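Working notes, structure below.
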Amino acid sequence: MLTQTETFVPQTEPESREPDPRTINTVRDRNDRIFRVGLSSTGIAVLAIMVAVGVFLGVQAFDALSETGVSFLTTTEWEPDRGRFGIGSVLLGTVLIALVAIAIAIPISLGTALFITNIAPARFRGILVSLVDLMAAVPSVVYGLWGLFFFQPGVIGLSRWISTWFGWIPIFSVEGAESNSALPNASAFTASAFIAGVVVALMVMPIQSSVMREVFSQVPLGEREGAFALGATRWGAIRVVSLPFARGGIIGGTMLGLGRALGETIAVLLIISPSFDIKFRILETGGNSVSSLIALGYKEASSFGLSALMAAGLALFAMTLVVNFIASAFVARSRSGASSEA
């Protein structure tokens with residue numbers, strides 16, 4: 001008997017096919033559109049105002065800059081009506097005052113930020129943050145009056161002590177001050193860049209402390225706890241974890257404070273004794289800054305003198321703008337790609 005064999009043909013699986021990408025459609029409601037337009041308009045307005053300020057200063061300073069050229073940055077005299085003017089001395093005074101302020105403000109700001117984020121009890125942190133931020137709301141004239149009538153008489157002894165023991169360093173020497181005199185000449189130490197720098201340091205400290213505190217608060221909790229688990233002390237955890245993580249924020253906060261210190265006007269104007277000599281000695285009476293020069297000479301300036309003052313303002317605007325841009329870059333980098341050594 002014949003049997004019929006059946007042939008089985010294996011079924012092949014259909015070819016795999018990559019799924020088509022989904023199209024995500026964002027539907028913005030009326031509130032989202034208003035919010036987006038508002039933020040965009042605000043950002044564009046800020047940039048437009050900044051550009052407008054720069055253009056205005058450039059147009060107003062054109063007459064003065066066209067006469068002096070690059071020598072405007074190196075000339076130490078200030079006699080615009082006679083054709084001899086420049087910001088060589090006042091630019092140096094501005095930088096010296098700002099550097100003194102930053103040198104004093106950095107350890108205070110850093111210590112304040114570390115204390116609030118790592119040591120202070122949680123129930124007191126809000127109060128401490130409010131007190132530090134409140135310092136930024138105090139008007140500049142209040143700091144200036146405090147420095148002129150209260151701080152300056154009390155700091156003369158410190159200035160004299162620094163000059164006596166560290167006068168061999170040129171920046172701390174004071175011409176005409178006799179260290180062995182029984183009656184010290186206090187007038188040689190008043191209205192100095194050092195006193196102005198200390199007052200400005202108190203004004204820039206809240207800005208630096210706020211930026212540093214914000215960055216320290218973003219330190220990963222797991223890395224800190226890991227450092228403690230490995231036997232690190234509190235200072236060891238700060239040194240190994242917090243400080244490396246917040247390096248960019250520390251630099252950015254310092255640069256932001258430097259930008260504020262470079263443009264400070266009223267406090268410096270009340271304390272400093274105007275001088276157009278190039279002085280590297282910060283403890284000695286006399287000095288100047290670009291902002292105080294503009295504030296002093298604005299009312300009595302002629303049309304050409306006003307153009308010279310606008311040129312000084314343009315130089316200060318450009319310098320402050322560069323410092324703030326560098327600071328913003330460091331702060332942005334610390335928030336996005338920070339790391340620690342832990």
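Neighbour counts of C-beta atoms inside 10 Å place Phe172, Phe228 in the sequence Phe228, Phe172, starting with the fewest. 222 nm [θ] for the chain, helices only, -39500 (n - 2.57) per DSSP H run of 4+, per residue, to 500? About -19500 deg cm²/dmol. Distance from the Cα centroid of the stretch 191-223 to that of the stretch 18-50 is 35 Å (rounded to whole angstrom).
What percent do you get for the relative contact order of the chain when only Cα pairs under 8 Å and 6+ apart count? Intermediate results must be reported in sequence, preceding the final value.
Working: 451 pairs, mean separation 89.9, N = 342.
Across the chain, relative contact order equals 26 percent.
Neighbour counts of C-beta atoms inside 10 Å place Trp235, Trp78, Trp168 in the sequence Trp168, Trp235, Trp78, starting with the fewest.
Rounded to the nearest 20, the Cβ-based charge dipole of the stretch 161-282 about its Cα centre (Lys and Arg +1, Asp and Glu -1) stands at 300 debye.
When Rg and the Kirkwood Rh are both derived from Cα coordinates, the Rg/Rh ratio for the chain amounts to 1.24. In the chain, taking the dipole from charged Cβ atoms about the Cα centre, the farthest positive-side position among Ala232, Ala103, Phe194 is held by Ala232. Remark: Lys299, Lys279 ranked as Lys299, Lys279, counting other beta-carbon atoms within 10 Å and listing the fewest first. Listed by number, the DSSP H helices of the chain that run 27 Å or longer by alpha-carbon position along their axis and have mean Kyte hydropathy of at least 1.6 are 88-114, 193-216.
Values in this text are rule-based calculations from the coordinates and carry no lab data. Nothing here was measured: the structure is a model prediction, and the numbers come from that model. Here the Cβ is made from the backbone with ideal geometry for all residues, glycine too, and neighbour counts use every protein chain on show.
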